[in-house]
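The structure appears right after this line, and notes come after that.
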Amino acid sequence: SMEPALANGECWLVRRRRSYRPRDMVLLRHPRREDLLVVKRIQRCELGGYWVVGDNPDLSEDSRAFGLVPAEHLIGRLVLRYRRAPRRRAG
């Protein structure tokens, strides 16, 4: 739901914050399935939570489906993309 900004298999560093701004990409616990972590973009901040959306609205389950996300569901902001080092072969 976040392509082209994110692709499957990418690694990101997430930094915890006390406040977030519109356009921040954030890692959050899904409001209806708290065992599921998802990445969304904050569209706006409101009293009582954040309105989050996916970059691909046709493929995204976001605030249009589950409403405002409470601040305690936000884990952190995506700040740095990195690549995993290739595994060394034994021998």
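State whether the residues of the range 15-22 include one that is hydroxyl-bearing (Ser, Thr, Tyr) and open to solvent by less than 30 Å² (accessible area, probe 1.4 Å). Yes: the range 15-22 contains one or more residues that are hydroxyl-bearing (Ser, Thr, Tyr) and open to solvent by less than 30 Å² (accessible area, probe 1.4 Å). Checked against (1) buried (at least 18 other Cβ atoms within 10 Å of the Cβ); (2) touching a residue at least 40 places away in the same chain (Cβ under 8 Å); (3) of a type outside the set (D, E, K, R); (4) over 22 Å from residue 83 (Cβ atoms), residue 63 meets all criteria but (2).
Working only within the range 30-77, note down all residues that are within 9 Å of the chain's Cα centre (by Cα) and not β-branched (Val, Ile, Thr). Once the filter is applied, which keeps residues that are within 9 Å of the chain's Cα centre (by Cα) and not β-branched (Val, Ile, Thr), the range 30-77 yields 37, 40, 41, 54, 74, 76, 77. Filter the range 53-77 down to the residues that are part of a strand (DSSP E or B) and over 16 Å from residue 12 (Cβ atoms) and list them by number. 53, 69 - these are the residues of the range 53-77 that are part of a strand (DSSP E or B) and over 16 Å from residue 12 (Cβ atoms). Here 28, 37 are screened, and the one residue that is touching a His at 6+ places or on another chain (Cβ under 6 Å) and of a type outside the set (Asp, Glu) is 28. Listed by first and then second residue, the pairs linking a residue in the range 15-29 that is on the phi > 0 side of the Ramachandran plot to a residue that is surrounded by 11 or more Cβ atoms within 10 Å (Cβ to Cβ) and at pLDDT 95 or above, with Cβ atoms under 8 Å apart and 6 or more places separating them unless they lie on different chains, are 23/41; 23/42. Of everything in the range 1-29 that is acidic (Asp, Glu) and either more than 10 Å from the chain's Cα centre (by Cα) or in a strand (DSSP E or B) (or both), the residue that is farthest from residue 54 (Cα to Cα) is 10. Taken together, the residues in the range 23-36 that are over 10 Å from residue 73 (Cβ atoms) and open to solvent by 70 Å² or more (accessible area, probe 1.4 Å) amount to 4. Residues that are open to solvent by 90 Å² or more (accessible area, probe 1.4 Å), closer than 15 Å to residue 6 by Cβ and at pLDDT below 90 within the range 37-60 comprise just one, 59.
The values are calculated or read from the model by the stated rules, or taken from the named source; none is laboratory data. Being a predicted model, the structure only gives us computed values, none of them experimental. Every residue, glycine as well, gets a Cβ built from its backbone with ideal geometry; the counts of neighbours run over all protein chains shown. The area values use the complete protein model at the heavy-atom level, side chains included, leaving out ligands, DNA and RNA. Shrake-Rupley method; radii C 1.70, N 1.55, O 1.52, S 1.80 Å.
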